[in-house]
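These notes concern the structure reproduced below.
Please treat every number below as a calculation from the coordinates, not as lab data. All values derive from a computational prediction rather than experimental measurement. Quick reminder, even Gly has a Cβ in these numbers, built from the backbone with ideal geometry, and neighbours come from all protein chains shown.
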Amino acid sequence: MRPLPRLHAITDHAVLAAPEYRVRLAAIAAVGPAVALHARDRQASDRVLTDTATRMLAHARPPGAATFVSARPDIAAALGAQGVQLGTGDLSPRDARKIFPNGWIGASIHSEAEARRAIDEGADFLVAGSIFPTGSHADQPAAGLELLDRVAGLGRPVIAIGGITAGRAGQVRLAGAYGVAAISALWQARDAGTAALALLAPWMESDD
């Protein structure tokens with residue numbers, strides 16, 4: 001299995017409907033293997049989500065970016081995607097693995113208890129948040145860097161999500177995050193490729 005990307009470019013219905021979406025998708029994908037493009041749209045039909053993931057896979061080659069499918073291991077397996085991201089209410093990682101045997105399976109968590117349960121159920125990585133206040137989950141209180149402190153040592157890579165910006169990326173790396181996930185900081189940026197590199201910078205510097 002290929003290394004887990006450090007930057008996860010999460011989409012939603014608004015991102016996918018934006019006129020600039022395809023241009024930004026190409027720019028983010030061009031950053032290469034450090035990026036995972038997430039096909040995520042809870043409002044989409046199976047066909048639309050499949051078309052979205054197929055387009056991401058096309059943009060990901062040859063730069064080498066990965067494509068993950070949110071909530072749907074069946075679609076990920078059918079298309080040969082590299083990963084699946086599961087949220088609250090989706091299949092457990094254990095059940096998803098029966099459908100998607102080869103690739104990364106991540107689980108969204110909001111507490112140490114949820115993190116331990118996800119690991120027990122076979123999650124390969126955790127998406128922890130919201131770390132900072134975010135408009136996409138305005139009703140959800142921010143967990144803060146303390147959540148990363150508690151779950152980073154549990155034996156799975158942790159991707160920080162929620163209010164992530166280039167200015168905050170260094171903070172979450174120091175708190176133990178393996179990488180970051182973002183929506184606004186990527187898809188609303190004037191230059192999506194430059195924004196992706198800025199979010200990755202703390203890990204690129206640490207690997208020098």
Checklist entry - Calculated from DSSP H runs of 4 or more alone, at -39500 (n - 2.57) each and per residue, what is the 222 nm mean residue ellipticity of the chain, nearest 500? => result -12000 deg cm²/dmol
Next on the checklist: For a test of the definition: using alpha carbon positions, the gyration tensor, and the 1.5 limit on a/c, classify segment 59-164 as rounded, prolate or oblate.
Outcome noted: prolate
Next on the checklist: Suppose each label sits 7 Å from its Cα in the direction of the beta carbon; what would the Ala17-Glu205 distance come out to in nanometres?
Outcome noted: 3.9 nm
Checklist outcome for this item: Checking rank on 113-122, 47-56, 31-40, with mean other Cβ inside 10 Å and highest first, the result is 31-40, 47-56, 113-122
Checklist outcome for this item: trypsin sites (Lys or Arg not before Pro) in segment 162-205 lying in a DSSP loop, each with at most 14 other Cβ atoms within 10 Å of its Cβ, come to Arg190
Item to check | Burial ordering of Ser70, Ser92, fewest other beta-carbon atoms within 10 Å first | outcome: Ser92, Ser70
Item to check | ³J(HN,Hα) computed for each position of segment 65-77 - Karplus, 6.51 cos²θ - 1.76 cosθ + 1.60, integer Hz, glycine/proline x | outcome: 5, 9, 10, 10, 10, 7, 6, 10, x, 5, 5, 4, 5
Checklist entry - So what are the three principal axis dimensions of the chain from its Cα atoms, in whole Å, longest to shortest? => result 39, 37, 37
Checklist outcome for this item: If every Lys and Arg gets +1 and every Asp and Glu gets -1 at its Cβ, then about the Cα centre segment 89-208 yields a dipole, in debye to the nearest 20, of 140 debye
Checklist entry - Hey, what did the chain get for relative contact order, percent, Cα under 8 Å, at least 6 apart? => result 19 percent
